[in-house]
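Here, each number is a calculation from the coordinates, and none is a lab measurement. What you are looking at is a predicted structure, and each value in this text was computed from that prediction instead of being measured. Reconstructed Cβ throughout: ideal geometry from the backbone, glycine too, with neighbour counts over all protein chains shown.
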There are 2 protein chains.
Amino acid sequence: MSELVIINGVETAEARIGADDRGFLLGDGLFETIPLYGGIPFALTDHLSRMRRGAALLELAVPFACGDIADGITSLARRNGVTRGAARLTLTRGVGPRGYGIEGCGPPTWLLTVRPCTPLPAGRWERGYTLAPSRIAVNPRSPLASAKTTSALERVLRFAEARRAGADEALALTLDGNVACGAAVNLFWARGGTLYTPSEACGILPGVTRAIVSRLAADEGITVREGAFPPAELYGADEVFATNSLLELMPVTAAQGHFTGKAPGPLARALHKRYRELPPEA
Amino acid sequence: MSELVIINGVETAEARIGADDRGFLLGDGLFETIPLYGGIPFALTDHLSRMRRGAALLELAVPFACGDIADGITSLARRNGVTRGAARLTLTRGVGPRGYGIEGCGPPTWLLTVRPCTPLPAGRWERGYTLAPSRIAVNPRSPLASAKTTSALERVLRFAEARRAGADEALALTLDGNVACGAAVNLFWARGGTLYTPSEACGILPGVTRAIVSRLAADEGITVREGAFPPAELYGADEVFATNSLLELMPVTAAQGHFTGKAPGPLARALHKRYRELPPEA
């Protein structure tokens with residue numbers, strides 16, 4: 001129990017927060033999960049930019065500078081002995097009066113943790129991920145769709161559904177039946193050399209890895225089309241993959257009985273290779 | 001700071017929880033707010049039943065019996081010197097491995113607090129509540145719509161919108177444009193002696209007070225129609241009122257420029273009077 005965390009700028013081994021924090025009471029907060037390679041955070045600026053956009057939406061003051069988080073991660077990684085791992089930054093509205101009102105709340109609470117991650121076992125990437133359909137549709141009209149909030153229960157339930165179905169991740173559709181995302185991943189598929197991914201208008205979380213992979217693909221001369229696509233387009237694709245910050249780029253080798261046991265495709269291989277060659281601030 | 005709370009069955013003045021609790025990290029929990037009159041909880045059984053239904057949806061084990069909560073509230077009310085107040089019961093999935101997965105989580109965390117409430121100042125009830133339209137539509141297809149979860153950020157934002165518009169509460173519509181609810185209230189309106197309220201199919205939280213008021217109305221021989229109704233029906237009503245456990249039954253005297261400054265109607269007066277006469281377990 002000697003793990004150190006940072007709470008409101010202070011390094012401590014006492015990882016506890018007030019039970020009247022609105023993060024605990026009302027899911028009134030945001031978070032980011034940032035991968036660490038060799039003790040160095042990857043794409044930290046992109047993660048903090050997304051958190052700032054979310055904070056503006058929530059009318060939440062951001063009580064730290066980018067440098068505070070960079071320094072904090074480096075310090076926690078060193079003191080906790082983490083090289084390959086994940087930092088999690090949580091920002092909440094802090095303590096406030098009873099009820100939903102945001103007046104009189106704060107100052108915000110922020111928590112930074114750095115923990116080791118086990119790399120994927122050999123062969124796991126090649127086996128790929130399976131997707132199971134989710135009964136919980138994504139609501140593209142929610143203003144919160146684009147923010148990585150701690151009101152994450154719909155994502156939790158989508159993930160639980162997928163696991164219960166024996167799959168690795170979910171395939172969630174929008175309320176009008178187009179492909180949206182998984183529980184914790186963005187989705188891509190390729191057909192005839194073109195890459196497709198649901199647009200932000202589909203209510204997806206704008207993934208940091210999604211943006212990087214799109215940019216890498218464009219750099220390789222691959223057309224990336226964002227839009228609203230029915231699931232038949234994914235099922236009929238040449239290859240499918242999922243992205244998130246910790247998973248990086250993971251081939252999808254089965255989805256709801258389609259392309260079962262398919263091997264990782266050439267685009268997944270090429271883009272993942274390019275991704276792993278990126279410097280920390282790509 | 002001598003306020004006592006109960007955490008996982010233990011009375012303590014140390015109201016802190018682990019920063020790795022999924023209630024804090026992912027809004028992965030449920031809550032109930034129970035009013036106290038003369039130190040005695042009102043409609044506790046109804047609140048606990050709703051939490052149990054929510055827990056089944058979340059696949060969350062309920063780690064307490066009804067009697068534990070009743071005893072806990074009585075004890076906290078006495079030791080904190082609360083007669084007119086509110087108990088809040090929060091139940092979360094507890095601590096778990098990184099990510100959204102629910103496997104390996106728990107045991108659940110539960111927190112019980114009892115705090116005083118200030119009664120409404122004289123004349124406040126007669127002045128009534130104003131409603132401002134919400135841009136955040138209610139998604140009736142969310143399986144979480146019927147559960148009082150701690151992933152409450154949409155409700156928080158609806159309330160903030162209403163306050164920014166100078167109103168007391170929100171008027172949120174469903175995605176297809178029918179009346180749903182406020183941020184923290186259910187809505188009723190009367191026309192030609194019949195009472196109307198959005199049905200659960202509209203994605204509303206099934207309010208404990210809503211159910212009691214419906215029953216009281218039926219007892220008085222008033223027809224209560226539940227359904228999907230466009231906002232014009234509310235705007236054109238003879239009277240409108242809002243319900244929740246702490247507010248009880250509050251007249252609505254203005255909504256988006258309609259019936260501005262209207263006095264509380266006869267049904268609001270009669271039903272509120274009947275409500276206040278109810279014994280603790282009505």
Chain A: angle of helix A:208-219 to the longest principal axis, Cα-based, in degrees nearest 10: 40
Three semi-axes of the equivalent ellipsoid, the range A:124-276, Cα gyration tensor, whole Å, largest first: 22, 17, 15
Beta bridges per DSSP with both ends in the range A:140-265, % antiparallel, nearest 5: 80
Kirkwood Rh (inverse of mean 1/r, distinct Cα pairs), the protein assembly as shown, angstrom: 25.0
Label point distance in nm, residue A:68-residue B:233, each placed 7 Å from Cα along Cα→Cβ: 5.0
Gyration tensor (alpha-carbon) shape descriptor, the range B:87-174, a/c threshold 1.5: oblate
Spatial separation of Cα centroids for the range B:202-239 and the range A:1-78, in angstrom: 44
Shielding by partners - mean other protein chain Cβ count within 10 Å, residues of B:145-152: 5
GNM top mover of B:85, B:39, B:18 - chain B, alpha-carbon springs below 10 Å: B:18
Inter-copy separations for residue B:192, label at 7 Å along Cα-Cβ, nm, ascending: 5.9
Calculated P(r) of the range B:204-257 - Cα pairs past 15 Å, %: 57
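When Lys and Arg each count +1 and Asp and Glu each count -1, what net charge do the other residues less than 11 Å away from residue B:48, Cβ to Cβ, add up to?
Details: positive: B:50, B:52, B:53; negative: B:32, B:46, B:68.
Local net charge: 0.
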Sites residue B:220 and residue A:103 - FRET efficiency at Förster radius 51 Å, r taken between beta-carbons, to 0.05: 0.85
Proximal charge balance of residue B:225 [Cβ under 13 Å; K/R count +1, D/E count -1]: -1
Karplus-derived 3J(HN,Hα), 6.51/-1.76/1.60, for each residue of the range A:251-268, Hz, glycine and proline x: x, 9, 10, 6, 8, 6, x, 9, 5, 4, x, 4, 7, x, x, x, 5, 4
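How many partner chain Cβ atoms sit within 10 Å of a residue's Cβ in peptide B:27-36, on average, as a whole number?
That average works out to 3.
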The range B:5-116: equivalent-ellipsoid semi-axes (sqrt of 5 x gyration tensor eigenvalues, Cα, Å): 25, 15, 10
Gained length - residue A:84 relative to residue A:49, 0.36 nm times residue gap less alpha-carbon distance: 10.3 nm
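Hey, fewest Cβ within 10 Å first, where do A:33, A:90, B:45, A:113 land in order?
B:45, A:33, A:90, A:113
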For residue B:183, distant residues with modelled amide H under 5 Å away: B:170
Partner chain coverage, peptide A:98-107 - average Cβ within 10 angstrom: 5
Net charge of neighbours whose Cβ lies under 12 Å from the Cβ of residue A:249, counting Lys and Arg as +1 and Asp and Glu as -1: +3
